[in-house]
Amino acid sequence: MAERDESSNGLSGDCWLWRCGGRQFDLARRVLVMGIVNVTPDSFSDGGRFAGVEPAVAHGRQLAAEGADILDVGGESTRPGAAPVSVEEELARVIPVIERLRAAAVGVPISIDTMKAEVARRAVAAGAAIINDIAALRADPAMAEVAAQSGVGLVLMHMQGEPRTMQAAPHYDDVVGEIRAFLQERLAAAVAAGIDRRAVVLDPGIGFGKTIQHNLEIFRRMAELAALPRPLLIGPSRKAFIGKLLDLPVDQRVEGTAAAVAAAIAAGVRVVRVHDVREMTRVVKVAAALAPWNTGP
Ligand code: HH2
């Protein structure tokens, strides 16, 4: 593929291709909406409203109809203080949902939000095209091999600490510099483990071992992160920093999420993980059309 400079951050050519198993996305001029399908009784944002298989499948189908480019299915809440879930329990939650969504032929690629290699392996066997690993291959030594052998897409996210304790006292000397270094190191580790670099997207991990101030600084300096050699994904949806800025509960953060999504896209982010797919697909269309990196018609 010819080298071409398509963005203010100088990434070019293959850097914008995201390989996810049999398919690939060209993110040079495109932003993807990843819709959240939580199959958890204790998610911070939707309080387990979609906990059973049936409600989760119905929710996934609805998000697909609303324009989601990817459905991210998760069976373990990462809410600060959330209790860990066993492999068996997580499998029982997510595999039937993935199978049913595949059978329903919604046609939308499915991502599995897990830190466990066995869950990822079974999810891929059931048809998942992406592994969303918030531990960036650090929680389970077998995860890298599952990703390498399957060739599916892989999200590597930054997190300081672990979900149970991460919000206790997050500290950085330079939050953006440290996230950059971490994501670079994790990308190198993934490639060293045999993972195609074109399968990887990087995520600074909003709310994962970060204070409100850290999250704000990540947004203000997002362009520095967008200069990393792989596309960025961001998950600001309904999160606490929006609640703090607006002094509003979790069910009233859609406009705040829209602002965060628009700001992230202006700075170069290419995938947004959100709950409110109908609203955010509209925000994404406009924000991507206005973005400084968009050189298209
Ligand atoms: N945030 C959450 C979960 N998974 N994955 C990535 N890559 N990036 C994120 O920012 C991210 C994520 C937390 O949000 P949610 O799924 O709504 O809540 P819970 O973990 O309580 O299910």
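The values are calculated or read from the model by the stated rules, or taken from the named source; none is laboratory data. Quick caveat: nothing in here was measured; it's all calculated off a predicted structure. Cβ coordinates were reconstructed from backbone atoms using ideal geometry, including for glycine residues, and neighbour counts include every protein chain displayed. To get the accessible areas, we keep the full protein, side chains included, count just its heavy atoms, and leave off ligands, DNA and RNA. Shrake-Rupley method; radii C 1.70, N 1.55, O 1.52, S 1.80 Å.
Tell me, in nm to one decimal, what length is gained between Ala82 and Ala142 on full extension, where the rule is 0.36 nm per residue of separation less the Cα-Cα distance? Write out the running numbers ahead of the final one.
Values: separation 60, 0.36 × 60 = 21.60 nm, distance 2.34 nm.
Separation in residues times 0.36 nm, less the Cα-Cα distance, equals 19.3 nm.
On a full-extension model of 0.36 nm per residue, what is the gain between Arg198 and Glu224, subtracting their alpha-carbon distance, rounded to one decimal in nm?
Values: separation 26, 0.36 × 26 = 9.36 nm, distance 2.01 nm.
Result: 7.4 nm gained on full extension.
Quote the charge dipole size of the chain about the Cα centre in Debye, to the nearest 20; the model charges only the Cβ of Lys and Arg (+1) and of Asp and Glu (-1). If you can, show how the numbers build up before the last one.
Values: 33 positive and 35 negative charges, 104 e Å.
Using Cβ point charges on Lys, Arg, Asp and Glu, the chain gives about 500 debye.
Taking Lys210 as the anchor, which lysines have their alpha carbon closer than 16 Å to its alpha carbon, excluding any fewer than eight residues away along the same chain?
Hits, sequence-local ones excluded: Lys239, Lys244.
At q = 0.12, 0.13, 0.14, 0.18 Å⁻¹, what is the base-10 log of I(q)/I(0) for region 85-186 according to the Debye formula with one equal point scatterer per Cα and no solvent? Please give it to two decimals.
Computed log10 I(q)/I(0) values: -0.45, -0.52, -0.59, -0.88.
Label 7 Å along Cα→Cβ of Ile212; region 152-177 residues with amide nitrogen under 14 Å?
Answer for region 152-177: none.
Using a 1.4 Å probe over the heavy atoms of the protein chains, calculate the carbon and sulfur portion of the accessible area of region 192-251 as a whole percent.
Ligands and nucleic acids excluded, carbon and sulfur give 56 percent.
Can you work out ³J(HN,Hα) from phi for every residue in region 17-26, in order, using Karplus 6.51 cos²θ - 1.76 cosθ + 1.60 and θ = phi - 60°, giving whole Hz and x for Gly and Pro?
8, 10, 8, 10, x, x, 10, 9, 9, 9
Which values, in whole Å and largest first, are the semi-axes of the equivalent ellipsoid of the chain obtained as the square root of 5 times each eigenvalue of the Cα gyration tensor?
On the way: eigenvalues 124, 98, 84 Å².
For the chain, the semi-axes come out at 25, 22, 20 Å.
Out of Arg23, Arg79, Arg121, any idea which swings most in a Gaussian network model of the chain, alpha carbons joined below 10 Å?
Arg23
From the backbone phi of region 244-261, what are the Karplus-calculated ³J(HN,Hα) couplings (6.51 cos²θ - 1.76 cosθ + 1.60, θ = phi - 60°) in whole Hz, Gly and Pro given as x?
3J(HN,Hα) across region 244-261, in whole Hz: 5, 5, 9, 6, 10, x, 4, 7, 10, 10, 5, 5, x, 4, 4, 5, 5, 4.
Read phi for every residue in region 220-227 and hand back ³J(HN,Hα) as whole Hz from Karplus 6.51 cos²θ - 1.76 cosθ + 1.60, θ = phi - 60°, with x for Gly and Pro.
Each residue of region 220-227 in turn: 5, 10, 4, 4, 5, 6, 5, 7 Hz.
Please list the non-local residues whose amide H lies under 5 Å from the amide H of Ile131, H modeled 1.01 Å from N, same-chain partners needing a gap of 5 or more.
Excluding prolines and chain starts, which carry no amide H, the hits are Ile112, Gly153, Leu154, Val155.
Once you've got the GNM for the chain with C-alpha springs shorter than 10 Å, pick whichever of Ser150, Ser111, Ser237 has the biggest mean-square fluctuation.
Result for the chain, Cα springs under 10 Å: Ser150 fluctuates most.
Express as a percent, rounded to the nearest 5, the fraction of DSSP beta bridges in the chain (both residues included) that run antiparallel.
On the way: 5 of 32 bridges.
The antiparallel fraction comes to roughly 15 percent.
Given a 1.4 Å probe, how much area per residue of region 211-297 is accessible, in Å²?
Spelled out: the 1.4 Å probe surface of region 211-297, per residue, equals 43 Å².
Along the principal axes of its C-alpha atoms, what lengths does region 180-297 span, in descending order and rounded to whole Å?
Cα spread of region 180-297 along its principal axes, largest to smallest: 44, 40, 23 Å.
Say we join alpha carbon atoms closer than 10 Å with springs in a Gaussian network model of the chain; which of Ala260, Ala126, Ala169 then has the biggest fluctuation?
Among Ala260, Ala126, Ala169, the largest mean-square fluctuation in the Gaussian network model of the chain belongs to Ala169.
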